[in-house]
Ligand SMILES: C[S@@+](CC[C@H](N)C(=O)[O-])C[C@H]1O[C@@H](n2cnc3c(N)ncnc32)[C@H](O)[C@@H]1O
């Protein structure tokens, strides 16, 4: 895949990032029933418990928990094929192995989705580019099993790994160096502690080919779900005082983490491993029919490129 767009700013920095200084790993003791020091594996296990809690009595999670993220065809439009960009309706229909042809190897786009869950981002992206092949990773075996049970699952286009991507070298031996055109991460980095984010950023850099891109979307600081005035939307116990009072990390009731980012925090995390690019704030109006409210949501969206040298 050719990545033609030139990143706007943000020079690579090798210095220890501001982000490192501001975010700390969260002691495990902050969690109910927890005993000892921080462990990102325990954070990953919280997600498996989350999917099991939402499963319908078997190994298959309730796929309706997260909604399909169709907006990604616009947000990550550079991953869509020319036809999909021209005719945005044409790739909405669900695909099945029987409706798909073989990938045109000349046009193949190799994508890796971090924290894929049950595929709410993966499948809309696959529909947007019939020559896309996705490696989907998640720490939850139940989420991966659910993704694979989709009628759209086609092993020619989608491979999966159960991986705790917060660990150093988490995908070594599974995903080759410089083999990926684009890494996507949708509400994934917010699930990580500071050290987990650093490790994941290093892995993103390792697996991206030169000129490969990281595209992300995640929770933004100041979003309505991160606002004290609307406390009923606050996602869980605020965890601060560990290193900095500006920390915006929450532990939901089920033990999963949610970090609300300033764009600069993510800029630091990725430029410090040598990627070039930046995040911006995007807004989105959402109608929550259950609560009878219209919410103006704020997200961070970012694009980072691995330089050629
Ligand atoms: C908020 S969900 C988003 C799921 C999906 N990206 C989507 O768009 O619906 C966060 C996902 O990240 C996964 N995750 C959290 N920590 C992880 C880790 N350390 N390694 C791999 N996956 C992780 C969770 O299991 C979960 O599926």
Of those in the range 275-295 that are within 20 Å of residue 224 (Cα to Cα) and touching a helix residue (DSSP H, G or I) at 6+ places or on another chain (Cβ under 7 Å), the residue surrounded by the most Cβ atoms within 10 Å (Cβ to Cβ) is 279
Just to be sure, is residue 131 within 15 Å of the ligand (Cβ to nearest atom) and surrounded by fewer than 22 Cβ atoms within 10 Å (Cβ to Cβ)?
-> no
Sort out which residues of the range 143-169 are in contact with a strand residue (DSSP E or B) (Cβ under 6 Å, 6 or more places away or on another chain), more than 9 Å from the ligand (Cβ to nearest atom) and not in a helix (DSSP H, G or I), and write them in order of number.
-> 157, 158, 159, 160, 161
All but one of (1) under 28 Å from residue 285 (Cα atoms); (2) within 17 Å of the chain's Cα centre (by Cα) hold for residue 207; which doesn't?
-> (1)
Reported set for the range 207-230 where residues are within 17 Å of residue 277 (Cβ to Cβ) and in a helix (DSSP H, G or I) is 207
Looking at the range 205-221, which of the residues that are within 21 Å of residue 80 (Cβ to Cβ) and away from the ligand (no atom under 11 Å from the Cβ) is surrounded by the most Cβ atoms within 10 Å (Cβ to Cβ)?
-> 213
Before we move on, is residue 193 touching a residue at least 12 places away in the same chain (Cβ under 8 Å), closer than 23 Å to residue 41 by Cα and within 10 Å of the ligand (Cβ to nearest atom)?
-> yes
Qualifying residue in the range 98-116 (condition: near the ligand (Cβ under 10 Å from one of its atoms) and assigned to a loop (DSSP other than H, G, I, E, B)) | yes
From 136, 185, grab the single residue that is part of a strand (DSSP E or B), more than 17 Å from residue 218 (Cβ to Cβ), within 13 Å of the ligand (Cβ to nearest atom) and in contact (Cβ under 8 Å) with a residue 24 or more places away in the chain.
-> 136
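Each value in this text was obtained by applying a stated rule to the coordinates, not by laboratory testing. These figures come from a predicted structure and were not determined experimentally. Please note: Cβ atoms are built from the backbone with ideal geometry, for glycine as well, and neighbour counts cover all protein chains shown.
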